[in-house]
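To keep things clear, I will list the structure first and then write my remarks on it.
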Amino acid sequence: MRTPPQIVAHIRQDLPSILKSWKEERKGFGEDEPSRRLVAGMEELLSVFAGFLESPQGVEGFSRGGEIRSLVARIADDQHALGRDAVGVIEDFAVLRRCVWRSVEEGVDLSDGSGSEVAAFFVKLLQASDWVTEKGLEAFEEIAMRDMERALGRAEATDLVTGLPDREQFNRLLLPAAVREHERFAVLAFDVVDFTETVAEGDLGRARGILHLLAETVEQATPETAVCARFGDDEVCAILPGSTSEDAYKIAKLVSQRLSEDPDGFEVDAGVAEYPVHGSDASELMAETLKALSTAKRVGGGGIVVAR
C-alpha cells in the first residue's frame, strides 16, 4: 500500500513548514537543549514517516530494526525533560498529524490521484500516528516511573549530616546514570585528613562540622551540572559532566584552598578520574578514582592525584 509519489515528495519538500507549524501550535520552546532535541526528533520522525509512505509494509513491519522505537524513546525523554505529561505527549503527536494533513491538503492536488490512493495515504497517516502515540506513551511512562523511583531513592538515601545522596545511591544510581547520559565526565573524590583522629578524640560536633563544611565547599566550587554525594565516613564525591581530569584537578585545588582559608578549615586529599579515559563503566571508573585517592592519602599533606 504505497502512497502517491507526489504526496511523499511534497511532505519532504514542505518538512520545514510542517515543523514550523507544529512548533507554533505547541509553543513553549526555548533555546535549551531538550527543546532543540525535541524539535530535531520530530523532524527526524517526519523523515521516517515519508519513508513509511513509500514502503509497501504496514506499520508493524516498518521497524528499521528497532531504530524507530529508539527514536520515539528519545523523543519521550525530551518530552519528559520539558515537563510534558501524558496528555502533552498525546497532543504533540496529534498536532504533528494535523500539520502533515493540512500541508498535503493545501499543497497537493488530490484530484490527480485515485480515491483509493488518497485513502491509502490517510490510512497510513492514522496508523503511523496511532503507533507512535502508543509507543511514545509507553516510553514516557517508563521514564516517569524511573524518575519517581529515583526521587524516592534520593529521599530514602540522603545523608543526614551533609544533606547529600549517600554512597549506595551514588554507586547504584548516580554514577551509572552519568555513564549512560554523558560522553565524557570527571569524578572527583575528597577525603578529610586526620578525620579518624578527630572522631577518636570524641569531638563529634567538630566531625559533623567538618563534613558539612566539606560538602558545602564542594557544592559551591563545582558547576551547577555537578552531582555531589557523601561517599564514606569522611569522603565527598562529585560527578562533573563534560569535564576533563584537568578541569577536576583545578576544582580540587580550589576546594583545598578555600578549606585551608576557612577559620574552621582543614586539609583534604583528592583523587580524580575521567570517563571514559580511566574507566569504561561505573565500577571501573570508581575503582580508579579511589586508587588515585588512596595514592594521594599516602603522599599526604593535602595531595591531589589524577588516575593514570
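The values are calculated or read from the model by the stated rules, or taken from the named source; none is laboratory data. Not measured: the values here are computed from a predicted model. Virtual Cβ from ideal backbone geometry, glycine too; neighbours counted across all protein chains shown. Protein only, heavy atoms only, side chains kept; ligands, DNA and RNA dropped before computing areas. Shrake-Rupley method; radii C 1.70, N 1.55, O 1.52, S 1.80 Å.
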(request) For Trp22, tell me the accessible area in Å² from a 1.4 Å probe, rounded to the nearest 10. (result) 0 Å²
(request) Can you check what the Kirkwood hydrodynamic radius comes to for segment 167-306, Cα pairs only, in Å to one decimal? (result) 14.8 Å
(message) Along the charge dipole of segment 5-155, pointing to its positive end and built from +1/-1 on Cβ of Lys, Arg, Asp and Glu, which listed residue (Gln13, Ala76, Phe62) has its Cα farthest out?
(response) Ala76
(message) If I ignore ligands, DNA and RNA and count only protein heavy atoms, how much of Glu219 is accessible to a 1.4 Å probe, in Å² to the nearest 10?
(response) 100 Å²
(request) Compute the FRET efficiency between Lys27 and Trp101 as 1/(1 + (r/R0)^6), taking r as their Cβ-Cβ distance and R0 = 22 Å, and round to the nearest 0.05. (result) 0.65
(request) Return P(r) of the chain (all Cα-Cα pairs; 10 Å bins starting at 0; whole %; ordered from short to long distances). (result) 6, 22, 22, 16, 14, 11, 6, 2, 0, 0
(message) Using only the alpha carbons of segment 5-155, what is the convex hull's orientation-averaged projected area in square nanometres?
(response) 9.5 nm²
(message) Straight-line reach from Lys23: which lysines fall under 25 Å, measuring Cα to Cα and dropping same-chain residues less than 8 apart?
(response) Lys124, Lys135
(message) Checking understanding here: applying a Kyte-Doolittle mean of at least 0.0 and a length along the axis of at least 30 Å (C-alpha), which whole DSSP H helices in the chain pass?
(response) 33-54, 86-107
(request) Whole number in Å², please: accessible area per residue of segment 5-155, 1.4 Å probe, ligands, DNA and RNA not counted. (result) 52 Å²
(request) Give me the net charge of Ala81's neighbourhood, meaning all other residues with Cβ under 12 Å from the Cβ of Ala81; Lys, Arg count +1, Asp, Glu -1. (result) -2
(message) What does the net charge come to around Asp14 if you take all other residues with beta carbon closer than 13 Å to its beta carbon, with K and R at +1 and D and E at -1?
(response) 0
(request) Name the lysines eligible as straight-distance cross-link partners of Lys253: C-alpha to C-alpha under 20 Å, and not fewer than 8 places from it in the same chain. (result) Lys291, Lys297
(message) Quick check: net charge around Cys99, other residues with Cβ under 15 Å of its Cβ, Lys/Arg +1 and Asp/Glu -1?
(response) 0
